[in-house]
Amino acid sequence: QVQLVESGGGLVQPGGSLTLSCAASGSFRDIRLMAWYRQAPGKQRDLVATVTYTGSTNYVESVKGRFTISRDNAKNTVYLRMNNLNSEDTAVYYCNANIQRSWGTSWINYWGQGTQVTVSS
């Protein structure tokens, strides 16, 4: 069984910062792409940022220069450092990881349970 467990969400004032973490646990061989998504109330789940195994990153335009995605392959963990937060960043944040359980099996996308980030004064 593979699990992604997120932490680090909460309430923050506009202009503040938060760091989200997501650790993969269970039995698996390797993790390829890791990513963060977010879903605001009444809206679809949107991609925020991705990071490859070698550390190459991509961001949605609205968070460029404010958010930083990173990963620690030894800990099977992905992070999202969020600076200069504003009300439009309020959402449930989900981590996603592309994981292969064992040699020769399919790569599967796994999701975390989500962590709430609320930006409000």
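The values are calculated or read from the model by the stated rules, or taken from the named source; none is laboratory data. Being a predicted model, the structure only gives us computed values, none of them experimental. Here the Cβ is made from the backbone with ideal geometry for all residues, glycine too, and neighbour counts use every protein chain on show. Only protein heavy atoms, including side chains, enter the accessible area calculation; ligands, DNA and RNA are left aside. Shrake-Rupley method; radii C 1.70, N 1.55, O 1.52, S 1.80 Å.
Considering only the stretch 47-78, how many residues are among the polar types (S, T, N, Q), open to solvent by 50 Å² or more (accessible area, probe 1.4 Å) and more than 19 Å from Ser7 (Cα to Cα)? Residues that pass the stated criteria total 5. Can you find a residue that is out of contact with any Asp or Glu (no Cβ under 8 Å at 6 or more places or on another chain), β-branched (Val, Ile, Thr) and buried (at least 20 other Cβ atoms within 10 Å of the Cβ) anywhere in the stretch 94-101? Within the stretch 94-101 (the criterion being out of contact with any Asp or Glu (no Cβ under 8 Å at 6 or more places or on another chain), β-branched (Val, Ile, Thr) and buried (at least 20 other Cβ atoms within 10 Å of the Cβ)), the answer is no, since none of the residues qualifies. Going by the structure shown, is Ala40 modelled with pLDDT of 95 or more, open to solvent by less than 50 Å² (accessible area, probe 1.4 Å) and within 17 Å of Val2 (Cβ to Cβ)? No: the conditions fail for Ala40. When the residues of the stretch 1-22 are filtered to those that are open to solvent by 50 Å² or more (accessible area, probe 1.4 Å) and among the hydrophobic types (A, V, I, L, M, F, W, C), which remaining residue is nearest to the chain's Cα centre (by Cα)? Per the stated criteria, the residue is Val5.
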